[in-house]
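The values are calculated or read from the model by the stated rules, or taken from the named source; none is laboratory data. This structure is a prediction, so every number in the text was calculated from the model and none was measured. Reconstructed Cβ throughout: ideal geometry from the backbone, glycine too, with neighbour counts over all protein chains shown.
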């Protein structure tokens, strides 16, 4: 059915008009034909009634005179009328007595014989042939003596109906032409700009518009003209937006192509859909698009991309190293899903930036902090060693001038031995503090606290600082002992600097009740505390409030040590009355197997 409907607006309108006119004309013809037939039948019945009455009177006169020949002539003369087809005179039983030429050689049919018993006056009916027919009795002295039958000419009424139908059809055809002519003129005026707009729309889709023929001409102020003006405005705005978009894309493409950060998109087969130059150099890929991952990091990147395809979740801040021995390099990688309209992961975006120099700088900072801490401790150790050495020097001078080896001399010798033992203890703790272990070992944190407090004992006494210690449960931990000493030393040193006028330093170690195990280490002081702004920046590199005496690396390195041991740290501090600072650190339990894996990773990285 749809194939029969024209595709053009003009064809659809013409077809609609033709169908509408045909329906209206058909209804009108039906009404006219039916009305005309009804009127013609009534007119025919009236005419037949009048004709048969006049003919019956004439026949009755002929019968009364006994003029049979005149009766036949009368019936013949009646047939001459164009509206009468035949006449017949029968007796009361239906036998033909006289007839015109049209009524000869034909007897009454069944319908006519059914009427015989009921004829008492004029009667109009339809015969078996469907024709209208009239019958009336001829009376003599008030009694019927014969029956007069009259059949009208059937073509007289039909010609009228046909003429009216022909007139109606002619009028309908002329009306259809009259309607189609202005429609043709109007629609042609409308469809021409519409076709022009349709062609221009395809040009916009293909990107060939605007062209030298643009803007489209406005041929009128009707709806088509307004639509053309709006289309011209739309195309101009689209061109402006397209030009701006192309400029933006060119800027982005130039920026991404020359940025010192690698960008790439991978499909499900780990084929490179798009990449910039930096990423191509990073993975040694040849083609800009359609290449495959290569290089020492390709397997690791594919594994992470497969994980993103599977889970739909991005991976952030993943550090990767190429493992080369001569000049190792490191990158910070980001993986994120790129979804389509169906919310499925179509590609995986990979962003990589080289952090080799940053890691080297951080390692340099760590070494700088260690040297700074070594310098501070060297001054303390030198002071602590100097005091017993002066005592030993004085004792040896006394012994040199004390000739007899009596009890006093022995006492001097014992005092010298005690001072030398103190020098040995300080030296041993100092060496233990800076002797870095290359692997994790299970160490009791209480021993580390003892070694740190031994080094800072004279300073604690001079500053009049009270030390409170608490230990509960199993306080052993798999860790790097030297780094844990450095961590605790940094916190204790900061607490001493915060309490120049004395105070309380609390150190608490306890085993956690968490099923996975671990140790909580708390270092708190009653010093001057920190402001909110200082607390936010306290773990940043080079941030210090000690001005010339501080490097700003102590707490930054401390946080690195905590993160290296997979721990967490929380800080609580406040300024003013009842102020102070509290560091709470959690270190999870690490099994020997995990320690071995960490050691293998460390060895492979170096």
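Taken over region 494-537, residues that are under 19 Å from residue 565 (Cβ atoms), at pLDDT 85 or above and part of a loop (DSSP other than H, G, I, E, B) amount to 1. Considering the conditions (1) within 22 Å of residue 139 (Cα to Cα); (2) at pLDDT below 80, residue 54 is excluded by exactly one of them, (2).
Please verify whether region 479-492 includes one or more residues that are out of contact with any helix residue (DSSP H, G or I) (no Cβ under 9 Å at 6 or more places or on another chain) and either loosely packed, with under 14 Cβ neighbours inside 10 Å or in a helix (DSSP H, G or I) (or both). Please lay out each step first, then the result.
Pass one, region 479-492, residues out of contact with any helix residue (DSSP H, G or I) (no Cβ under 9 Å at 6 or more places or on another chain): none.
So far as region 479-492 goes, no, none of its residues is out of contact with any helix residue (DSSP H, G or I) (no Cβ under 9 Å at 6 or more places or on another chain) and either loosely packed, with under 14 Cβ neighbours inside 10 Å or in a helix (DSSP H, G or I) (or both).
Mind listing just one residue for me: the one in region 44-86 that is in a loop (DSSP other than H, G, I, E, B) and in contact (Cβ under 8 Å) with a residue 12 or more places away in the chain and, of those, surrounded by the most Cβ atoms within 10 Å (Cβ to Cβ)? This residue is 81.
Evaluating residue 170 against the criteria (1) part of a helix (DSSP H, G or I); (2) surrounded by fewer than 19 Cβ atoms within 10 Å (Cβ to Cβ); (3) at pLDDT below 80 leaves one unmet condition, (3). Given the options 307, 319, name the one that is at pLDDT 80 or above and either assigned to a helix (DSSP H, G or I) or under 30 Å from residue 205 (Cβ atoms) (or both). It is 307. Do we find a residue being over 30 Å from residue 460 (Cα atoms) and at pLDDT 85 or above anywhere in region 561-575? Yes, region 561-575 contains at least one residue that is over 30 Å from residue 460 (Cα atoms) and at pLDDT 85 or above. Screening residue 244 against (1) more than 27 Å from the chain's Cα centre (by Cα); (2) at pLDDT 75 or above leaves a single unmet condition, (1).
A quick yes/no check of all residues on (1) farther than 30 Å from residue 146 by Cα; (2) in contact with a helix residue (DSSP H, G or I) (Cβ under 7 Å, 6 or more places away or on another chain); (3) at pLDDT below 75:
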| site | (1), (2), (3) |
| --- | --- |
| 12 | yes, no, yes |
| 16 | yes, no, no |
| 30 | yes, no, no |
| 35 | yes, no, no |
| 39 | yes, no, no |
| 45 | no, no, no |
| 49 | no, no, no |
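Summed over region 21-43, the residues that are surrounded by 13 or more Cβ atoms within 10 Å (Cβ to Cβ) and closer than 16 Å to residue 173 by Cβ give a count of 6.
Listed here are the residues, each with its yes/no results for (1) assigned to a helix (DSSP H, G or I); (2) at pLDDT below 75.
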| position | (1), (2) |
| --- | --- |
| 150 | no, no |
| 158 | yes, yes |
| 161 | yes, yes |
| 165 | yes, yes |
| 185 | yes, yes |
| 191 | yes, yes |
| 208 | no, yes |
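Does at least one position in region 514-531 carry a residue that is surrounded by 15 or more Cβ atoms within 10 Å (Cβ to Cβ), in contact with a helix residue (DSSP H, G or I) (Cβ under 6 Å, 6 or more places away or on another chain) and under 16 Å from residue 456 (Cα atoms)? Within region 514-531, one or more residues are surrounded by 15 or more Cβ atoms within 10 Å (Cβ to Cβ), in contact with a helix residue (DSSP H, G or I) (Cβ under 6 Å, 6 or more places away or on another chain) and under 16 Å from residue 456 (Cα atoms). Name the residues in region 428-451 that are in a helix (DSSP H, G or I) and modelled with pLDDT of 85 or more, would you? Hits for region 428-451 are 445, 446, 447, 448, 449, 450. Filtering region 446-467 to residues that are closer than 13 Å to residue 523 by Cβ and free of Cβ contacts under 8 Å to residues at least 40 places away in the same chain leaves only 453.
Taking the condition part of a strand (DSSP E or B) and modelled with pLDDT of 85 or more, does residue 467 pass?
On the way: part of a strand (DSSP E or B): yes; modelled with pLDDT of 85 or more: yes.
Spelling it out, residue 467 is indeed part of a strand (DSSP E or B) and modelled with pLDDT of 85 or more.
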